[in-house]
Amino acid sequence: MAERRPIESWLTDMDGVLIHEGVPIPGADRFLKRLKESGRPFLVLTNNSMYTPRDLHARLSRMGLEVPVENIWTSALATAQFLGDQRPGGTAYVIGEAGLTTALHDIGYVLTDTAPDYVVLGETRTYSFEALTKAIRLINNGARFIATNPDETGPSTEGALPATGSVAALITKATGQAPYFVGKPNPLMMRAGLNAIGAHSESSAMIGDRMDTDILAGLEAGMETFLVLTGLTRPDDVDRHPFVPSNVVDSIADLVDRV
């Protein structure tokens, strides 16, 4: 394997890396503090499209983790940027929360259920039969199907919750139309994030807890990857995949001295 360039920029997932079930992971505060002191570009990424960067900044701050709003990149922002590039000033029927609707409003999209250009599916805790039925009928009538991320489940203190990927599968089964997923592992989200902070993949690293999204996204974007074992992936899971991370560490605390 060719020797990589020194790491000048860091991208890190949020859930399972910095926090777990609403509690900071030991070492996360020190890692973020070291990043800010170093002056190196960095982003905290999440496939969760429910919250705006300002919401996430406030939530993290209450946990003692200080991440500036401009250093937060969500699948909702990536989806909005993608749609703005593809069809400026378009229309969309949205199933999702404020993080997604705000991002689409900010690029000038009109949210409507009357012959929209797109049906956009994001994360929500209140999926309704009525909304899903409307989405299915709109797609059958010609709307293009977009989803913020392919995650099938999400974490909660009570256990796994159905997430965007699972609901997208239901819509696909009913329409025969698979969505275009913008979030991780799509390298589009990673490249857009790198561009946002003026970073280059050859000198950037991606930290994540999921092989199928975080590590795959970093790999396909040409970045060095660090798998942490504080989230969904267990050590025995790594060899089940046809690709491997560049590095495996116990937690974010092991990377403080790498910054």
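The values are calculated or read from the model by the stated rules, or taken from the named source; none is laboratory data. Given the structure is predicted, the values throughout are model-derived calculations rather than measurements. Glycine gets a Cβ as well: all are built from the backbone with ideal geometry, and neighbour counts include every protein chain shown.
Observations on the model:
- Screening residue 229 against (1) in contact with a helix residue (DSSP H, G or I) (Cβ under 6 Å, 6 or more places away or on another chain); (2) modelled with pLDDT of 95 or more leaves a single unmet condition, (1).
- Within the stretch 219-253, considering residues that are within 23 Å of residue 199 (Cα to Cα) and of a type in the set (Asp, Glu), the one nearest to the chain's Cα centre (by Cα): 220
- Of the residues making up the stretch 63-76, those that are assigned to a helix (DSSP H, G or I), out of contact with any Pro (no Cβ under 7 Å at 6 or more places or on another chain) and hydrophobic (A, V, I, L, M, F, W, C) number 1.
- Lone qualifier among 77, 60, 32, 43 - being modelled with pLDDT of 95 or more, touching a strand residue (DSSP E or B) at 6+ places or on another chain (Cβ under 7 Å) and of a type in the set (A, V, I, L, M): 43
- Unmet requirement for residue 94, which otherwise passes all of (1) within 26 Å of residue 159 (Cα to Cα); (2) crowded, with 22+ Cβ neighbours inside 10 Å: (1)
- Enumeration of residues in the stretch 35-62 that are outside any loop (DSSP other than H, G, I, E, B), more than 13 Å from the chain's Cα centre (by Cα), in contact (Cβ under 8 Å) with a residue 40 or more places away in the chain and crowded, with 17+ Cβ neighbours inside 10 Å: 35, 42, 55, 60
- The listed residue being in the same structural domain as residue 19 (by TED's automatic domain parsing) and touching a Ser or Thr at 6+ places or on another chain (Cβ under 8 Å), out of 195, 247, 149: 247
- Within the stretch 119-130, not a single residue is farther than 27 Å from residue 176 by Cβ, in a helix (DSSP H, G or I) and at pLDDT 95 or above.
- In the stretch 200-240, the residues that are within 11 Å of residue 184 (Cβ to Cβ) and in contact with a His (Cβ under 9 Å, 6 or more places away or on another chain): 212, 215, 216
- Residues of the stretch 8-29 that are within 16 Å of residue 225 (Cα to Cα) and at pLDDT below 95: 16 alone.
- The condition of being surrounded by 15 or more Cβ atoms within 10 Å (Cβ to Cβ) and in contact with a helix residue (DSSP H, G or I) (Cβ under 6 Å, 6 or more places away or on another chain) holds for only one of 143, 76, 131, that being 76.
- Residue within the stretch 212-223 that is of a type in the set (A, V, I, L, M) and surrounded by fewer than 20 Cβ atoms within 10 Å (Cβ to Cβ) present: no
- Contact map, the stretch 204-216: residues that are under 15 Å from residue 25 (Cβ atoms) paired with residues that are of a type in the set (Phe, Trp, Tyr) and assigned to a helix (DSSP H, G or I), Cβ distance under 9 Å, separation 6+ or inter-chain. Pairs shown: 207/31.
- On the stretch given as the stretch 147-202, residues that are touching a Gly at 6+ places or on another chain (Cβ under 6 Å) and among the aliphatic types (A, V, I, L, M) total 3.
- Residue 165 within 21 Å of residue 97 (Cβ to Cβ) and either at pLDDT 95 or above or in a helix (DSSP H, G or I) (or both): yes
- Filtered residue count, the stretch 15-34, keeping only those that are among the aliphatic types (A, V, I, L, M) and either assigned to a strand (DSSP E or B) or under 21 Å from residue 187 (Cα atoms) (or both): 3
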